[in-house]
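To start, the structure itself, in structure tokens.
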Amino acid sequence: MARELTGRHVLAITLAAFGVVIAVNVLLAVKAVGTFPGLEVANSYVASQQFDRDRASQDALGWTVTADYADGEMTLMIRDRDGNPARVRSLSATIGRPTHVRDDRTPRFTWRDGLFRAPLVLGSGIWNIHLTAIASDGTEFRQRIDHYNGSRVE
């Protein structure tokens, strides 16, 4: 024998459904905030002052970086303000996708014929190159380069 569906039953079902949705949203928000507190630096003013000093010393180098990829090799051309090869003491780069870190790689670059070269296999699409180079005077140069690989190598 079936019971009659009354307005109270409909109200209880509606409140229960919204209660479940709200409870799940609260749980997800608590988990999100608990896993990332949002704190990057202890004092943002002090960090901004250091950032400005670093940027000024990097800008004083006058370096430009051009990345190219062909035939399984990534090349980085670093030039000074006069267009000559920059005097780089050391160089490191992490190459990866903009959306995740699972494809990140840190190839070993070698200097040859005025270019930094590294063997590398890149799939097609957009890649970010996070470059860190140290000038001969010790100045750190950092740059992110967006690179599009249109080839179909995988």
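What follows is calculated from the coordinates using simple rules that are stated; it is not laboratory data. Keep in mind that what you see is a predicted model, and the values were worked out from it rather than measured. Every residue, glycine as well, gets a Cβ built from its backbone with ideal geometry; the counts of neighbours run over all protein chains shown.
List of remarks:
- Whichever residue in the stretch 83-94 is of a type outside the set (Ser, Thr, Tyr) and either out of contact with any Pro (no Cβ under 8 Å at 6 or more places or on another chain) or in contact (Cβ under 8 Å) with a residue 40 or more places away in the chain (or both) and, among such residues, is surrounded by the fewest Cβ atoms within 10 Å (Cβ to Cβ): Gly83
- Inclusion of Ile126 among residues that are of a type in the set (A, V, I, L, M), free of Cβ contacts under 8 Å to residues at least 40 places away in the same chain and touching a Lys or Arg at 6+ places or on another chain (Cβ under 9 Å) is warranted.
- Conditions (1) at negative phi; (2) surrounded by fewer than 11 Cβ atoms within 10 Å (Cβ to Cβ); (3) not aromatic (Phe, Trp, Tyr); number of the one not met by Asp71: (1)
- Flag if Asp68 is in a strand (DSSP E or B) and without any contact (Cβ under 8 Å) to a residue 12 or more places away in the chain: yes
Conditions (1) assigned to a strand (DSSP E or B); (2) out of contact with any Gly (no Cβ under 6 Å at 6 or more places or on another chain); (3) free of Cβ contacts under 8 Å to residues at least 12 places away in the same chain; (4) within 20 Å of Arg142 (Cβ to Cβ), marked per residue:
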{"position": "Val26", "(1), (2), (3), (4)": "no, yes, yes, no"}
{"position": "Ala29", "(1), (2), (3), (4)": "no, yes, yes, no"}
{"position": "Ser48", "(1), (2), (3), (4)": "no, yes, yes, yes"}
{"position": "Ser57", "(1), (2), (3), (4)": "no, yes, no, yes"}
{"position": "Arg81", "(1), (2), (3), (4)": "no, no, no, yes"}
{"position": "Arg102", "(1), (2), (3), (4)": "no, yes, yes, no"}
{"position": "Arg108", "(1), (2), (3), (4)": "no, yes, yes, yes"}
